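**Q** Supplied in structure tokens, the structure appears directly below.
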Amino acid sequence: MEFILEYGMFLAKFGTVLLAVIALIVVVLVFLLKAKGGGDDHLDIKNINHKFEHMQLMLESAIFSKKEFKQSVKDVKAKHKKEEKKSDEADERRRLFVLDFKGDIRATEVASLREEISSLLTVCRKNDEVVVLVESGGGTVHGYGLAASQLKRIRDKNIKLTVSVDKVAASGGYMMACVADHIIAAPFAILGSIGVLAQIPNFNKLLKKHDIDFEQIAAGKYKRTLTMFGENTDADREKLKEELEETHILFKAFVKENRDKVDIEKIATGEHWYGKQALELGLIDEIRTSDDYLGSATANADVYEIEYVRKKPFIEKIFSSTVKLFQQDPF
């Protein structure tokens, strides 16, 4: 009996120490996370040429003999010296600036996009090029309208703008893409969907069933059309449809203004097309992936990846990290 009591006391002490250690570790981790994310908003700049060279040398170090690898390193150094000499003696070397836009339904990435473009416009030269990797299925009209306007700032400065679509640029995503001087897309990328959509659930019958009144007071005949809780009329539906048609007309005019080669009535049906079909319809200019385009560009230009990194509140960082921890791919 005495042994059992002593053993129980030992377990209690051990458990207390263990909990104290775990609590200490948690406090340290929280402190480190705060310290790591304590910087202000800033631009993150990566040299793609150096990245590709590093990958090449890593691969060659594994498959080449020591003599071959040594010669390869010498060749890379000689190439750098030659490029430096050329840039000193001749015109300045061309540069490509790569921006990555992954859009959600509210186009929240436009906040970073505008900062990236504002920064680039202070250093871009006439022979430079901006490449925007667009991936979006569309969303709010005002959000993507602003995103497209940000890209138009580049063209207004007479700087070449290329948009690359590897997966999808539909609806608002294509509104952005059509601004470019040159659009490339992967063979099975989805493009188009030049249309306008509005949908809203209505709970009016459910409220009536449970004897729940809904009141809404508005000044102005068309302050609201369809509502979630009130009773919708044919006049409400007709007014909303009229507004959607007006938005669609503006959307078509914007695409036609920037891609005058397309048959706008043929492509503005709300349908989407894959890369090769989009090429035939004039929605894009070339079938090509972004990897191939940027890889080829490093032969005669310096390629930089630009990202505006926004400082996130500590709670937001913890929440996003937790969500990522439990996220799984659907396939």
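Bear in mind these aren't lab numbers, they're just calculated from the coordinates by the rules spelled out. Predicted model, so just to flag it, every value in this text is computed and none were measured. All Cβ positions, glycine included, derive from the backbone under ideal geometry; neighbour counts span all protein chains shown.
**Q** For region 216-291, what percent of Cα pairs sit more than 18 Å apart?
**A** So the pairs more than 18 Å apart make up 58 percent of the total in region 216-291.
**Q** Once you have the Kirkwood Rh of region 197-260 from its Cα pairs, apply Stokes-Einstein at 25 °C and 0.890 mPa s and quote D in µm²/s.
**A** Roughly 175 µm²/s, to the nearest whole number.
**Q** Given region 89-241, what whole percent of its Cα pairs are spread farther than 20 Å?
**A** Tail of P(r) above 20 Å: 60 percent of Cα pairs.
**Q** Still on this structure, I have one more. Assigning unit charges at the beta carbon (Lys, Arg +1; Asp, Glu -1) and nothing else, what dipole magnitude in debye, to the nearest 20, does region 193-277 show about its Cα centre?
**A** I would put it at about 240 debye.
**Q** Two decimals is fine: what's Rg over Rh for region 158-304, C-alpha atoms, Kirkwood radius as Rh?
**A** 1.18
**Q** For region 87-141, what is the charge dipole size about the Cα centre, in debye to the nearest 20, if Lys and Arg each add +1 at the Cβ and Asp and Glu each add -1 at the Cβ?
**A** The calculated dipole for region 87-141 is roughly 200 debye.
**Q** Show me 110-116, 233-239, 127-133 ranked by packing, highest mean number of other Cβ atoms within 10 Å first.
**A** 127-133, 110-116, 233-239
**Q** Tell me the label-point distance for the pair residue 23, residue 206, using the 7 Å Cα-to-Cβ offset, in nm and rounded to one decimal.
**A** 4.5
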